[in-house]
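K.L.:
The structure under discussion is supplied below as structure tokens; questions concerning it will follow.
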Amino acid sequence: MITLYGIPNCDSVKKARDWLTQHGVDYQFHDFKKQGVPVALLPGWIKEVGLEKIINRKGPTWRKLDTAVQGSVVDAASATAVIVANSSIVKRPLVVWNDGSVTVGFTPESFGQRLSS
């Protein structure tokens, strides 16, 4: 089953969820705000898509972090600690597809390609 991770009020997450529903795709939604970030999965996500794709360094949550905290994010371990404390810095939506692969972000084209292959 596809799992879409994110925050319900995020516009990109809303668009992705709407797209999946409109195309009749079954998926689970994991709400970072209510369920937290699954710490055990973070290292695999970071390894697959890279730290720079996981962390939204342009968003308000990142910008509000102290510069020392921002500077401390240099590898998977340091990123994990900051992500767990600030789940909103994860780029969204993060999707784990049926084959176990991970993507970050949403476009109708990218989701369509994923599901047609």
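Only the coordinates and a few stated rules stand behind these numbers; no lab work does. Just so you know, these numbers come straight off a predicted model, no measurement behind them. With ideal geometry, Cβ positions are generated from the backbone for all residues, glycine too; neighbour counts draw on all protein chains shown.
K.L.:
Restrict the check to the range 58-66 and report whether at least one residue is under 15 Å from ARG92 (Cβ atoms), charged (D, E, K, R) and either outside any helix (DSSP H, G or I) or out of contact with any His (no Cβ under 6 Å at 6 or more places or on another chain) (or both).
P.N.:
The answer is yes; a qualifying residue exists.
K.L.:
So, of the residues in the range 1-39 that are of a type in the set (Asp, Glu) and without any contact (Cβ under 8 Å) to a residue 24 or more places away in the chain, which turns out to be farthest from ASN86 (Cα to Cα)?
P.N.:
Per the criteria, the residue is ASP18.
K.L.:
Additional query: If you take the residues of the range 40-50 that are surrounded by 17 or more Cβ atoms within 10 Å (Cβ to Cβ) and of a type in the set (A, V, I, L, M), which of them is farthest from SER87 (Cα to Cα)?
P.N.:
VAL49
K.L.:
Filter the range 82-117 down to the residues that are in a helix (DSSP H, G or I), within 17 Å of the chain's Cα centre (by Cα) and exposed (fewer than 14 other Cβ atoms within 10 Å of the Cβ) and list them by number.
P.N.:
Correct list: VAL84, ALA85, PRO108, SER110.
K.L.:
Moving on. Could you tell me which residue of the range 1-39 is farthest from VAL90 (Cα to Cα), considering only residues that are crowded, with 16+ Cβ neighbours inside 10 Å and small (Gly, Ala, Ser)?
P.N.:
Taking the candidates together, the pick is ALA16.
K.L.:
If I go through the range 3-28 residue by residue, how many of them are outside any loop (DSSP other than H, G, I, E, B), of a type in the set (A, V, I, L, M) and within 13 Å of the chain's Cα centre (by Cα)?
P.N.:
3
K.L.:
Can you tell me how many residues in the range 86-117 are small (Gly, Ala, Ser) and farther than 19 Å from GLY50 by Cα?
P.N.:
3
K.L.:
Is it the case that the range 29-37 has a residue that's part of a loop (DSSP other than H, G, I, E, B) and within 15 Å of VAL102 (Cβ to Cβ)?
P.N.:
yes
K.L.:
So is ALA76 surrounded by fewer than 13 Cβ atoms within 10 Å (Cβ to Cβ) and among the aliphatic types (A, V, I, L, M) or not?
P.N.:
no
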